[in-house]
Every structure is written in structure tokens, then in C-alpha cells.
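Where a number appears in this text, it was derived from the coordinates with a stated rule and is not lab data. Remember, predicted model here, so these are calculated numbers, not experimental data. Note that each Cβ is placed from the backbone with ideal geometry, even for glycine, and that neighbours are counted across all protein chains shown.
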């Protein structure tokens, strides 16, 4: 598993709910991406190498904070050698109304997956377990 400590959604939510923005938030959504045992095309996966562009990550978080209705954005992304079941990322978005929060979470996770992280899945027989 990656070397970084995994943050708690409970702690993030408690911090968000005690922040000055809390009165403007009507919904929080959490995303917890994990390493699957099969790729999107159905082939088995035994793990992955995950790299993160930390500078671009900071830019994406700042961009998400500018989305309509968004008041809270927290992102943690793992890095290094990950096994099936390990956390890839955790994302928390809080905002005014359901439609804005759903769209912000969808857009942010999409940006993170396509622009911020680089994944290389390991398959059985690759010599990596």
C-alpha cells in the first residue's frame, strides 16, 4: 500500500461542518476510489502503480472551489505501489444544493482521473504481485 496516511471522512466532515462556510452547505458528497480486481475491460488486475502531479492537483482543487454552489473541497490521493482494495483517492465536496454538488463531484473526480493521476495496472504474470 502507498506510504501516505489515509484521511478520515468523519474528520473531514467534522471540520467542514465547523467551518465558516457550513451555513451555506446543504449537502456533502464523498468519493472513495479503490483498486479493483478487474480493469474496465474485465481483465484481472493484481495491483497498480499510481503517480500524482501534485501541482496540477492543487490547480484542480482550486478550480473545483470555483464551481457553482461549491463551498468545501477536500482531496487526498494515494501514490506508489497499490494492491487490490487499497484506496486510490478520497474526495469530499460540499455545496449549496444537490444538483451543484453532484456535478462538482463528478467533474472533479473526472479531472483527477484524467489529468492528475497516472495509473499503470499490474496483471497476473507481470512478475509483480
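Quick notes on this structure:
- Based on Cα contacts under 8 Å between residues 6+ apart, the chain shows a relative contact order of 36 percent.
- Inter-label distance, residue 68 to residue 36: 3.0 nm, where each label sits 7 Å from its Cα along the C-beta direction.
- Cα long-axis angle, helix 54-65 against the chain (0 to 90 degrees, to the nearest 10): 40 degrees
- Potential lengthening between residue 43 and residue 56 on full extension [0.36 nm per residue; Cα-Cα distance subtracted]: 1.7 nm
- Cβ-Cβ distance of residue 115 and residue 5, R₀ of 25 Å, FRET efficiency by 1/(1 + (r/R0)^6): the value works out to about 0.55.
- Each helix, a run of at least 4 DSSP H residues, gives -39500 (n - 2.57); summed and divided by the residues of the chain, these come to -8500 deg cm²/dmol at 222 nm.
- Angle of helix 98-111 to the longest C-alpha principal axis of the chain, folded into 0 to 90 degrees and rounded to 10: 40°.
- R0 of 25 Å, Cβ-Cβ distance residue 23-residue 99: FRET efficiency to nearest 0.05: 0.80
- Taking a point 7 Å from the Cα of residue 15 along the Cα-to-Cβ direction, the residues of segment 71-90 with backbone N closer than 19 Å to it are 71-79, 87-90.
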